[in-house]
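Below you'll find the structure, written out as structure tokens, and then a few comments.
The values are calculated or read from the model by the stated rules, or taken from the named source; none is laboratory data. The model shown is predicted, which means the values in this text are computed figures rather than measured ones. Counting neighbours? That spans all protein chains shown, and the Cβs are built from the backbone with ideal geometry, glycine included. Quick note on the areas: whole protein, heavy atoms, side chains included, nothing else; ligands and nucleic acids left out. Shrake-Rupley method; radii C 1.70, N 1.55, O 1.52, S 1.80 Å.
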Amino acid sequence: MAYQAEYIWIDGTEPSPLMRSKTKIIKDGKEPGIWGFDGSSTNQATGDNSDCVLRPVFTCPDPLRGPDDILVLCEVLTVDMRPHPTNSRAKLKAVVNKYKSFEPMFGLEQEYTFMKDNHPLGWPENGYPAPQGPYYCGVGGDQMPGRDIVEAHTLACLEAGLAIEGTNAEVMMGQWEFQIGAIGPLEVSDQLWIARWLLFRIAEDFGVFATLDAKPMLGDWNGAGCHTNFSTNAMREDGGWKHIIAGCEAIGKKVDEHIENYGVGIELRLTGQHETAHYTKFSYGVSDRGASIRIPWQVYKDKKGYLEDRRPNANMDPYKVTRVIVNTVCEAASTAPAKKAAPAKKAAKKAAKRR
Ligand code: ADP
Ligand code: MN
Ligand code: MN
Ligand code: MN
């Protein structure tokens, strides 16, 4: 029997790209091949030269349709089969190949906000809900709007075979999070895009809209981020601590380049309040949720593991974020191997002072 393949891609909308998809019926026994679309309708081409190419890069079962149907994430090419300027995956691939020996791994914490009638789900039509406090990981009453959508989305991610790790309600009412990882940079990015598409698509069925806007409500309300947890093989092994510190130091030398790639509107979110560090400042510290990079307590205890860059926005492009992190950290490690780092305690103190 024929099956349905949902071709999914990332468009050229400025300043934040949108996800697009369309369905192809494929005769049984056939693979989902190259396809095309009208780039003049997605800000990826002009009307007089409108064809763009879709090349499948990741497929998985489609949890919303029949058992034989699939989701097909694609990269966008021009008709001469070169990466389209909006194709950030191709650039990540080059960096991943260059630094393969570091075996980089990422876990991404995707925060997002459900919206209905132009305000976050569950908010009163006029005015505000009770101040932040009870919502983070909360339960009960009418305080946790959207949980039914979260449950449906989690099941869908599992059925699609994605590396979803968990979910939680966030600090602002109507805001939630899921995590994907810890896997390689291309894998985590492809899977995050698919998980986002599933979120948008499932929210449709509930008459709700899910936004990745990094600061959906100005004022005393938390923004939405995508904390990016990162490690190399050296960080994960015994003696990893000095590599983690070297990674933090390397990232701290390229603040502008990183912030540029961490998502649209980052100045609105990284204000220095609401568990963020100001976007112009750089700091790292153990357990510090007000630092740019947090080293989790368990990592400090084990003296190995990973670091958490807390700055990327919810609306970030994972192909860009994982690329700059791998590039910065692995380039620095290749040119100047990590020195014997200061004893853990001293480094933590030093980082804390810097705040
Ligand atoms: P928190 O909310 O306290 O910051 P979460 O549980 O939401 O923590 O997320 C922790 C993330 O750390 C997960 O995405 C997980 O994949 C990631 N992680 C754990 N170990 C590693 C590792 N060695 N390398 C990269 N990421 C890791
Ligand atoms: Mn989290
Ligand atoms: Mn969170
Ligand atoms: Mn986090």
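Structure summary
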| quantity | calculated |
| --- | --- |
| Computed magnitude of the charge dipole of region 95-354 (debye, nearest 20; Cβ of K, R +1, Cβ of D, E -1) | 1820 |
| Simple label model, 7 Å out from Cα along Cβ direction - K30 to E331, nm | 4.4 |
| Alpha-carbon centroids, region 134-184 and region 1-39: separation in whole Å | 26 |
| Summed side-chain charge close to H227 - residues other than H227 whose Cβ falls under 15 Å, Lys, Arg +1, Asp, Glu -1 | -4 |
| Most to least packed among 139-150, 164-175, 22-33 [average Cβ atoms within 10 Å] | 164-175, 139-150, 22-33 |
| Modelled FRET efficiency - R0 25 Å, Q4 with E151, Cβ distances, 0.05 increments | 0.55 |
| Difference of contour (0.36 nm per residue) and Cα-Cα distance, H278 to W297 | 4.6 nm |
| Alpha-carbon centroid distance for the pair region 247-274 / region 301-331, whole angstrom | 11 |
| R0 of 22 Å, Cβ-Cβ distance D142-S287: FRET efficiency to nearest 0.05 | 0.10 |
| Mean residue ellipticity (222 nm) of the chain, computed from DSSP H runs ≥ 4 via -39,500 (n - 2.57), nearest 500 | -9000 deg cm²/dmol |
| Cα-projected label distance for F206 with N118, points at 7 Å along beta-carbon direction, nm | 2.3 |
| Probe 1.4 Å - accessible area at S21, Å² to nearest ten | 40 |
| Ranking by accessible area, most exposed first, for D309, D205 with a 1.4 Å probe | D205, D309 |
| Cβ-defined net charge surrounding R55, 14 Å radius [Lys, Arg +1; Asp, Glu -1] | -1 |
